[in-house]
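The values are calculated or read from the model by the stated rules, or taken from the named source; none is laboratory data. Since the model is a prediction, treat every value here as computed from it, not as a measurement. Note: ideal-geometry Cβ built from the backbone for every residue, glycine included; neighbour counts use all protein chains shown. Each accessible area value is taken on the protein alone, full model and side chains, heavy atoms only, with ligands, DNA and RNA left out. Shrake-Rupley method; radii C 1.70, N 1.55, O 1.52, S 1.80 Å.
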Amino acid sequence: MNLDFKSAAELLASCDEGSCPISEIMRRRECELGETDRNTIEEKMALALKIMRDSALAPLNAPVKSMGGLIGGQAEKLTRHRQSGQAICGDVLSRAMTYAMAVLEVNASMGLIVAAPTAGSAGVVPGVLLALQETHQLPDENIIDALFNAGAVGFLAMRNATVAGAVGGCQAEVGVAAAMAASAAVELMGGTPHQCLDAASTVLTNMLGLVCDPVGGLVEYPCQNRNAAGAANALLAAELALAGVRQLIPFDEMLETMFTVGKRLPSELRETALGGCAITPSACAACGGCG
């Protein structure tokens, strides 16, 4: 069994050979290549889950303004809207959106978050997984499994492409975060490894070409909204995969495509705040004339 997998195809081959989920292959990889024991990596992932949960829940009760003043309090508004019974998205999606946006508020106010895979996209994975945990009453052990699954997808993206907005646009940040969340959600809900990576491929297809255009150069707006969109995209992709909808383009090819498209984006649309939303008159006025 190849634990030093370098592609999704190799990862799936290892899963097939060992008749085990993606999360188990990733666990074994961390133990063998990291020369550590299983208990240690379990404890580290449990800590990551705790930080994710804390950052997703804290702003719901005590909203804080971001350092740039562009966001703060949005997650609390979504919570009150869901609790009012007026939410149109359903419980899972409403919770996922709320938690994803909450994490961005913590990040933008210099709080503690888990970069999954980056600070600017840190809300997507916890948003999706915590929402599923709550609505389906799943134990932490299952969520930790899902985080190992997400880690495998993130590893492949970092190894073979990029997760940096400055290199590949927001498709590389929120896009990869949503791919991680989609794959993790599929395993969490009983899907196969092949379905996991079908979901990850779907996400990258849907988010292909998404630019990175932070207003004022700050990881606040439209980043927060895009984390909510990433959570929605992840749930959509997971649902398709679990229903048996196969994807024409495998994850490895879609990841390469995303990387290629990202490198072709003009510099103005890769985190420089010199294009897109960042140079609209309203955005420049909001951040003190950043244009």
Legend entry - Nearest-10 value in Å² for the accessible area of Glu24, using the 1.4 Å probe: 30 Å²
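Rounded to the nearest 20 debye, what is the charge dipole size of the chain about its Cα centre when +1 sits on each Lys and Arg Cβ and -1 on each Asp and Glu Cβ? Mind showing how you got there, number by number?
Values: 19 positive and 30 negative charges, 183 e Å.
The dipole magnitude comes to about 880 debye.
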Inset, instruction - Mind sorting out which of (1) 18.2, 58; (2) 25.3, 82; (3) 19.3, 64 is the real Rg and Dmax of the Cα atoms in Å computed from the coordinates? - result: (1)
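Could you tell me whether segment 162-218 comes out rounded, prolate or oblate from its Cα gyration tensor? Rule is a ≥ b ≥ c as square roots of the eigenvalues, rounded for a/c under 1.5, then prolate if a/b exceeds b/c, otherwise oblate.
The shape class here is prolate.
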Inset, instruction - Provide the gained length on full extension for the span Gln137 to Ala62, in nm with one decimal, where the gain is 0.36 nm per separating residue minus the Cα-Cα distance. - result: 24.5 nm
Legend entry - the chain - mean residue ellipticity at 222 nm from DSSP helices (-39,500 (n - 2.57) per run, n ≥ 4, rounded to 500): -20500 deg cm²/dmol
Inset, instruction - Classify segment 80-234 as rounded, prolate or oblate, taking a ≥ b ≥ c as the square roots of the eigenvalues of its Cα gyration tensor: rounded when a/c is under 1.5, otherwise prolate if a/b is larger than b/c and oblate if not. - result: oblate
Inset, instruction - Starting from the Cα of Glu256, step 7 Å along the direction of its Cβ; do the same at Asn160; then give the gap between the two resulting points in nm. - result: 0.8 nm
Inset, instruction - Considering only protein heavy atoms, with the full assembly of protein chains and a 1.4 angstrom probe, order Glu187, Glu253 by accessible area, largest first. - result: Glu253, Glu187
Legend entry - Top of Thr260, Thr202, Thr162 by mean-square fluctuation, Gaussian network on the chain, Cα under 10 Å: Thr260
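Using heavy-atom solvent-accessible surface (probe 1.4 Å) with all chains present, what is the largest-first order of Met110, Met45? Walk me through the numbers before you get to the answer.
Working: Met110 135, Met45 40 Å².
Final ranking, largest accessible area leading: Met110, Met45.
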Inset, instruction - Ignoring everything but the protein chains, give the 1.4 Å probe accessible area of Ile249 in square angstrom, nearest 10. - result: 60 Å²
Inset, instruction - Give the accessible area for Glu17 in Å² (nearest 10); use a 1.4 Å probe, count only protein heavy atoms, and leave out ligands, DNA and RNA. - result: 120 Å²
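Order Glu43, Glu134 by their accessible area, 1.4 angstrom probe, all chains in place, largest first.
On the way: Glu43 130, Glu134 75 Å².
Largest to smallest exposure gives the sequence Glu43, Glu134.
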